[in-house]
Amino acid sequence: MAGRYMEDDDGCFIDCNNLGVEFVHAKVDGQIDRLLHRDPDMDLLEYLSQFPNNLVGNPLVVIQVNTFECGGMAIGLRSAHKISDMYTMAIFANSWATACRGNKDVTVGPVSSCHLLLPVKVSAVANWPPPRIIGNEEFKVSRFRFSSDAVLKLRALAGDDAKDSTANNFQPSRVEVVSALISKALVKIDQCRHGEERPFAVYMTFNLRDKVKLKIPTNSCGNFYGMISGRSDQPTASKRNPEFNEMVNIIHNMISDAKTKYASIVNKQEFCSTIDFGWGRPVLVSNISLNLRSVFLIDDEEGKGIDAWTTTTGDEMILLKQDPDILAFTS
């Protein structure tokens, strides 16, 4: 992670030159409460974490420490997804924070000892073209806050709907009901935009460490994640939009299938809400616009509600904020 990403005629590689990560200290005009309001300043949030557009020859990790006039601090952390996943960066941040607290016994991580597990070059993969970017849409990120009371109401609603339908009897989780509500709204927006019903799919990623037969160290550096999906049937004329309980079932079955294969897809250590540099836990953990449609779920301050950091196009975000179900269950 202290090296540089390089490319030559033979392909791409990491030059382990130990040049280190980039560390930036930025001073921010204004107060940190611009980020702590019900509607955080998303434009400001984007400036708190910068990363070079061209990866070649540049640092693989950029840390930006932002200090506000009031003395508040926000730490931005970005890395190249080509060399690390979210879990890798969570380990990096936790190890850094532990060292800052004066713990001399901290285990340095992440490590890159998994290179022996994978072939140096696989022609079938190496020849894949880069992913195709559709259109030139501008993406926006917004936070939707589901309080503990709202989550309880959603879980009760899913149970009531299930009694009046052919849905299976189960108690949906917080993640399932929140994911279902947002997914239902996005599907409705998509159908309104295109003027027709279209099949849809919901994808979730999860950490593969400790969940597969291949022995991968828990602090290994790289992209060791899996992806699960839930898909709708081909839409019919009699079904305009998926009902809430139908979407809950799709997501519940998707997660249940993954649990059967991998035992668990949830790891509370995967995110950054417990990181402590010596000042206590952060009051806000967020992501930024990823230039793709995504939903990042994280516990609220009490640990019973959910903050859904949602990225979609600007036009879709306007419609999402106006969705009656979203308005009814968010604050």
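Of the residues that make up the stretch 13-35, is at least one free of Cβ contacts under 8 Å to residues at least 40 places away in the same chain and part of a helix (DSSP H, G or I)?
Yes - at least one qualifying residue is present in the stretch 13-35.
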Check: Residues in the stretch 17-40: is at least one of a type outside the set (D, E, K, R), under 30 Å from G314 (Cβ atoms), modelled with pLDDT under 85 and surrounded by 14 or more Cβ atoms within 10 Å (Cβ to Cβ)?
Finding: yes
Next item on the list: For the stretch 239-261, indicate whether the set of residues that are part of a loop (DSSP other than H, G, I, E, B), surrounded by fewer than 17 Cβ atoms within 10 Å (Cβ to Cβ), of a type in the set (S, T, Y) and modelled with pLDDT under 85 is non-empty.
Entry: no
Check: Just to be sure, is D299 assigned by TED's automatic domain parsing to the domain that holds R174, under 21 Å from I32 (Cα atoms) and touching a strand residue (DSSP E or B) at 6+ places or on another chain (Cβ under 6 Å)?
Finding: no
Checklist line | Extreme residue, nearest to Q50 (Cα to Cα), among residues of the stretch 289-312 that are surrounded by 19 or more Cβ atoms within 10 Å (Cβ to Cβ) and touching an Asp or Glu at 6+ places or on another chain (Cβ under 8 Å) | finding: D307
Next item on the list: Any residue in the stretch 176-203 that's hydroxyl-bearing (S, T, Y): show its pairings with residues that are modelled with pLDDT of 85 or more and in a helix (DSSP H, G or I) at Cβ separation under 6 Å, as long as the two are six or more apart or on different chains.
Entry: S179/I251; S183/M247
Notebook entry, point to check: Which residues, counting only those in the stretch 1-12, are touching an Asp or Glu at 6+ places or on another chain (Cβ under 9 Å) and in a strand (DSSP E or B)?
Noted result: R4, Y5, M6
Next item on the list: Filter the stretch 36-56 down to residues that are in a helix (DSSP H, G or I) and either under 24 Å from D300 (Cβ atoms) or of a type in the set (A, V, I, L, M) (or both), then give me how many there are.
Entry: 5
Next item on the list: Scan D43, D29, D15 and give me the residue that is farther than 17 Å from M1 by Cβ and over 20 Å from the mean Cα position of the chain (by Cα).
Entry: D29
Checklist line | Matching residues in the stretch 57-73 - criterion: being out of contact with any Pro (no Cβ under 9 Å at 6 or more places or on another chain) and assigned to a strand (DSSP E or B) | finding: V61, I63, Q64, V65, N66, T67, F68, M73
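The values are calculated or read from the model by the stated rules, or taken from the named source; none is laboratory data. Since this is a predicted model, take the numbers as computed values, not measurements. Note that each Cβ is placed from the backbone with ideal geometry, even for glycine, and that neighbours are counted across all protein chains shown.
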